[in-house]
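Engineer: After the structure tokens below, expect a handful of questions from me.
The values are calculated or read from the model by the stated rules, or taken from the named source; none is laboratory data. What you are looking at is a predicted structure, and each value in this text was computed from that prediction instead of being measured. Glycine gets a Cβ as well: all are built from the backbone with ideal geometry, and neighbour counts include every protein chain shown.
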Amino acid sequence: MVGRPKKEYPPLFEPLYINIEDRREELLEIIPVLCPECRSAVVGPCGTHKRKGRRVQYYQCKNPACLFNKTHNTARQFALTTSGGVKEVLDCMLGKMTKEIMKGKISQSAIAEKYGVSDALICYLRSKIEKTISDLQGLKNLVVELTNDTAVAADETFIRINGVPFYIIMFTGYTTHKILGIKVSKTRNEKDIREVFEEANRNIKLPIKIVTADAWGATQTMSKNLMRNITLVIHKHKKPYDKAVIWHIDYEKKKRITTKIGVKTDFFKKWGKKEYFYLVNEDDLSVSISKKRGRPKGVKNGQGKQRKNPKPKMKRRRKGLFKVFDRGKRGYAKIDLFHKTLKLAKDVLPAVAAAIRETQDLFWHKSISNNLAENINSVIETRVHLTGPKTPEVLEQRLRAYIIYRNNPEILGITIVPHLFSPKILFNEWNNSGIKRLFQLNENWGKKNQTDMSVN
Ligand SMILES: [Zn+2]
């Protein structure tokens, strides 16, 4: 290339028109022509193409460093509507809409109104985003990387869809506030809760050490049947919410030792002398009390069903989760204002001390509560009531896509968004006043490009 003068490509500015309903055109803005691939202003015209009965000017990227050239034989060609400048505005708008859709704080139609697009487009965009997440990541893994959580909050939200009740069971990590396990189910028995617990356990580096939950019996049964050490903090889910019970479950040879501690919810909140109550229960695990299945030998159908002297029915004692406050031994802890520590008596039971220390880590200077999941619940509920088929499976899939986005917003970076939509679809949407709105909403765009161009 000796002797031949290098061709100069001064920046091009072209008017961008939009179509009005009565086939008139309105000037939207004068925009710089940029390559959609490398966003360079080094571009040149390259002829016209016939489009819908009129000729449309095309451009070609002249930037020798354009990455498009590495994978293609000819440089990138484009029209003004597909040029870098317009693409940037669209990308930015899609990014904003994506965030708003996934946050779910305002309704679908409110988002549509805000951006001057149809409800259908928002709906379509959401299904595209959910599909993208599912393709990227699969819906099995709620987190991209295992988290550092060791404490989790268990929560079951009750919802009604078309009159049918469902539970959304969720485990949320205390350190990261990420949702680590979820299940949508018609039941919330031990098996359901165990499933979510195991999912949460797979999503963290170390095994779950402490679970906080409301006073739902299945969570307690699950914790007992884990057959490993665990601390369970149980909150009352009825007023007054002034008491909590901590279970420290431990194993010794063939015994399960459950140390139950009753505290007021403000136990860790302020300094002073604090009272607690404790009880130790031991379950002998070597004695199997499982019933034999089937009918006893030698008994035919109908035989042996009636007893002459039926045993008097045992009066079932109330489970009385909070009976530890009446029957337990009393102990004291002191929240030391000066040292900012919690002091226990020297002869305190090790299990009691361990349970209090673990709970202290979560609720120091706070009242003991299970409200970690509450914020998330309200968002989840609005998402549940969005349109679409409503079976537990479908619902769970949608919630999983949302949770993955919420846990790992970085996976849906702006680079993914442009592939969801061609500018054409959006131009159809924004054909009328909408597109003007789009440029207005995107305040920074004009300024940014002005400064970019003045540097050149
Ligand atoms: Zn280029």
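Engineer: Does Glu100 fit the bill of being within 15 Å of the ligand (Cβ to nearest atom) and of a type in the set (Asp, Glu)?
Structural biologist: The answer is no for Glu100.
Engineer: Separate question: What about Asn69, is it assigned to a loop (DSSP other than H, G, I, E, B), modelled with pLDDT of 90 or more and near the ligand (Cβ under 10 Å from one of its atoms)?
Structural biologist: In short, no.
Engineer: Then there's this: Where residues in segment 34-61 are on the phi > 0 side of the Ramachandran plot and outside any strand (DSSP E or B), which of them is nearest to the ligand (Cβ to nearest atom)?
Structural biologist: The extreme case among them is Arg39.
Engineer: Now, a different point. Of these, Ile101, Ile106, which one is part of a helix (DSSP H, G or I), in contact with a helix residue (DSSP H, G or I) (Cβ under 8 Å, 6 or more places away or on another chain) and within 30 Å of Ile380 (Cα to Cα)?
Structural biologist: Ile101
Engineer: Scan segment 53-105 residue by residue and report those that are of a type in the set (A, V, I, L, M) and touching an Asp or Glu at 6+ places or on another chain (Cβ under 7 Å).
Structural biologist: Leu67, Leu80, listed by residue number.
Engineer: Mind telling me which of the residues Glu130, Glu113 ends up being buried (at least 18 other Cβ atoms within 10 Å of the Cβ) and either over 30 Å from Ile210 (Cβ atoms) or in contact with a strand residue (DSSP E or B) (Cβ under 6 Å, 6 or more places away or on another chain) (or both)?
Structural biologist: It is Glu130.
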